[in-house]
Amino acid sequence: MIRGNIVILGCGSVGSAAAQCLRARGHNVVGVRRSTADPTLIRGDAADPSLWSRLPHPDAVLLTATPGLRRGRDHGLQCAAQLIPAGVRVVYSGTTAVYGESGGRPVDESGPLDAAAAPLRAVEEAVLAHGDALVLRCPALIGPTRLRVQERARAAAAAGLALTVPGDPDRPFSVLHEDDLAWLLAEAVDGRLRGSTGVLNAAHPEATSVRAYYSAQAACAGVAVTIASDGSDKPSRSIAASRLHALLPDHAWQR
């Protein structure tokens with residue numbers, strides 16, 4: 001039996017995994033992506049008001065597109081959030097890039113914000129304006145579709161060069177597996193996070209370091225490389241997600 005209509009805006013690898021999970025729970029899921037050849041998805045821009053004339057009225061909306069703002073491409077997520085119909089559950093897979101420098105200390109949901117991240121916060125605020133809304137602030141995503149580091153490690157090893165990383169290689173590095181994020185999105189619609197609103201950090205319970213993560217990825221790629229800084233200035237912080245972990249005490253987080 002179909003339990004509800006779920007619309008997923010920006011349905012990439014994480015959104016597709018969340019869709020699979022929600023369909024298994026009996027929901028009708030409609031995925032939207034700006035550019036796709038997948039016949040199971042609707043091609044459309046989440047910031048286009050006319051999109052909603054082609055979609056079923058949702059019981060919940062997952063906003064899983066990347067903002068693009070840190071790379072100079074505004075994907076219009078603030079506008080997209082404002083266009084979501086009123087009175088529905090809204091869940092956004094946001095980013096911990098909203099946080100500023102903490103000197104390597106853990107940062108919870110009340111941690112210092114980066115003034116330069118105001119556009120990212122504007123997306124969150126547009127989501128939270130819906131009332132029944134949850135923002136999951138996610139750090140770096142890892143998983144089977146996140147192979148760019150391994151490709152870079154092989155290229156560096158083949159050229160006899162160091163593998164450069166952003167900022168200090170020994171700064172804390174928090175991660176979240178993409179399968180865990182997909183499951184969290186489903187839980188936020190139909191599960192233990194259904195009643196949660198506001199902001200929750202979503203990260204693996206154990207932070208690593210940038211150096212350790214990149215070295216491990218190089219090992220997975222079958223090479224050994226020296227890890228060196230690219231000279232950029234990146235915040236040093238680990239993401240504390242104890243509020244989320246307390247809600248899901250028996251979940252086995254993936255690495």
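The values are calculated or read from the model by the stated rules, or taken from the named source; none is laboratory data. A quick note: this is a predicted structure, and the numbers were derived from the prediction, not measured. Positions of Cβ are backbone-derived with ideal geometry, glycine not excepted, and every protein chain shown enters the neighbour counts.
In table form, for the structure just shown:
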{"quantity": "Index of the failed condition, T64 passing every other in (1) surrounded by 18 or more Cβ atoms within 10 Å (Cβ to Cβ); (2) within 22 Å of the chain's Cα centre (by Cα); (3) farther than 20 Å from G131 by Cα", "calculated": "(3)"}
{"quantity": "Residue satisfying all of: in the stretch 38-47; surrounded by fewer than 16 Cβ atoms within 10 Å (Cβ to Cβ) and part of a loop (DSSP other than H, G, I, E, B); modelled with the highest pLDDT among these", "calculated": "T40"}
{"quantity": "Pick from the stretch 1-13, criterion among the aliphatic types (A, V, I, L, M) and not in a strand (DSSP E or B), ranking: farthest from P85 (Cα to Cα)", "calculated": "M1"}
{"quantity": "Qualifying position, being surrounded by 14 or more Cβ atoms within 10 Å (Cβ to Cβ) and either in a loop (DSSP other than H, G, I, E, B) or without any contact (Cβ under 8 Å) to a residue 60 or more places away in the chain (or both), among P58, P144", "calculated": "P58"}
{"quantity": "Tally, over the stretch 155-170, of residues that are buried (at least 20 other Cβ atoms within 10 Å of the Cβ) and either assigned to a loop (DSSP other than H, G, I, E, B) or of a type in the set (D, E) (or both)", "calculated": "1"}
{"quantity": "Any hit, the stretch 14-32, residues being loosely packed, with under 14 Cβ neighbours inside 10 Å, part of a loop (DSSP other than H, G, I, E, B) and touching a Ser or Thr at 6+ places or on another chain (Cβ under 8 Å)", "calculated": "no"}
{"quantity": "Conditions (1) under 21 Å from S110 (Cα atoms); (2) free of Cβ contacts under 8 Å to residues at least 12 places away in the same chain; number of the one not met by A159", "calculated": "(1)"}
{"quantity": "Matching entry among A218, A228, A212, A224 (being over 19 Å from the mean Cα position of the chain (by Cα) and loosely packed, with under 14 Cβ neighbours inside 10 Å)", "calculated": "A224"}
{"quantity": "Checklist (1) within 18 Å of L147 (Cβ to Cβ); (2) surrounded by 18 or more Cβ atoms within 10 Å (Cβ to Cβ) applied to A202, failing item", "calculated": "(1)"}
{"quantity": "Within the stretch 89-112, considering residues that are of a type in the set (A, V, I, L, M) and touching a strand residue (DSSP E or B) at 6+ places or on another chain (Cβ under 6 Å), the one surrounded by the fewest Cβ atoms within 10 Å (Cβ to Cβ)", "calculated": "V98"}
{"quantity": "Test: residue in the stretch 90-103 that is at pLDDT 95 or above, in contact with a His (Cβ under 8 Å, 6 or more places away or on another chain) and under 23 Å from A60 (Cβ atoms)", "calculated": "yes"}
